[in-house]
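> A single structure is presented below for examination.
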Amino acid sequence: MNHTYTGKVMWSHLDANMHMRHSAYADFGAQARIEILDELGLDMKTFQKLHIGPILFREETTYMREIGVNETITVTTELIKAKKDASRWAIRHDIFKENGVKAAVIVVEGAWIDVLKRKLATLPEDLADHFMHITHSADYEEME
């Protein structure tokens, strides 16, 4: 599944240097993930019903270009690593300025957590299959 999220940089996304603050990049990446999960049938109501949600172990951002106010940015989402059962995974987001120049790369590593037991969990098989339909990157690796 190919997916891009497009959003506009608002005043509240800026830092003292008048460009997009570091945490706003993470916010745009998170929104891109939530939207693709929703499209795959992994929406908030489903997570609440199952008492499962995504959890991040690591998030790393590489900044390449400044992004300013009122710019429209595009965020792509690719699965770069996953276990066969989708219990653990890594996703890469590329963030592009409106002129097509890559501004940042975000890599997150995560899994699923049972929010009641506070322990790692797996998705039901059908939902794990849906999750695995996220576009795989050219350098995709299966995790053991």
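> Ranked highest first by average number of other Cβ atoms within 10 Å, how do 16-23, 105-112, 48-55 line up? Mind dumping the intermediate values first?
Numbers: 16-23: 12.8, 105-112: 18.5, 48-55: 14.2.
So the order, starting with the most tightly packed, is 105-112, 48-55, 16-23.
> For THR61, tell me the accessible area in Å² from a 1.4 Å probe, rounded to the nearest 10.
Answer for THR61: close to 40 Å² accessible.
> Follow-up. On C-alpha positions alone, give me the angle between the axis of helix 22-39 and the longest principal axis of the chain, in degrees, nearest 10.
Relative to the chain, helix 22-39 is tipped by roughly 40 degrees.
> Here's a follow-up. Jot down the radius of gyration and Dmax of segment 80-121, Cα atoms only, both in angstrom.
Answer for segment 80-121, Rg first and Dmax second: 14.8, 46 Å.
> Return one whole number: the accessible area per residue of the chain in Å², for a 1.4 Å probe. Intermediate results must be reported in sequence, preceding the final value.
Numbers: 8040 Å² over 144 residues.
Value for the chain: 56 Å² per residue.
> Given Cβ point charges of +1 (Lys, Arg) and -1 (Asp, Glu) and nothing else, what value in debye, to the nearest 20, does the dipole of the chain about its Cα centre take?
Here the size comes out at about 400 debye.
> Which of the lysines could a cross-linker bridge to LYS49, judged by Cα under 22 Å and excluding same-chain residues fewer than eight apart?
Within the straight-line limit of under 22 Å, LYS49 reaches these lysines: LYS117, LYS119.
> Now for a different question. Select from ARG88, ARG33, ARG65 the residue whose mean-square fluctuation is largest in a Gaussian network model of the chain (Cα-Cα springs shorter than 10 Å).
Sorting by GNM fluctuation, first place goes to ARG65.
> Which lysines does LYS8 reach when only Cα atoms under 19 Å apart count, and residues fewer than 8 places away in its own chain are ignored?
LYS97, LYS102
> Whenever you get a sec, compute what percent of the accessible area on segment 33-144 sits on carbon and sulfur atoms (1.4 Å probe).
49 percent
> Per residue and in Å³, how big is the convex hull formed by the alpha-carbon atoms of the chain?
Each residue corresponds to 117 Å³ of Cα convex hull volume.
The values are calculated or read from the model by the stated rules, or taken from the named source; none is laboratory data. Note that the structure is predicted; figures quoted are calculated from it, not measured. Positions of Cβ are backbone-derived with ideal geometry, glycine not excepted, and every protein chain shown enters the neighbour counts. Just so you know, the surface numbers come from the protein's heavy atoms only, side chains and all, with ligands and any DNA or RNA stripped out. Shrake-Rupley method; radii C 1.70, N 1.55, O 1.52, S 1.80 Å.
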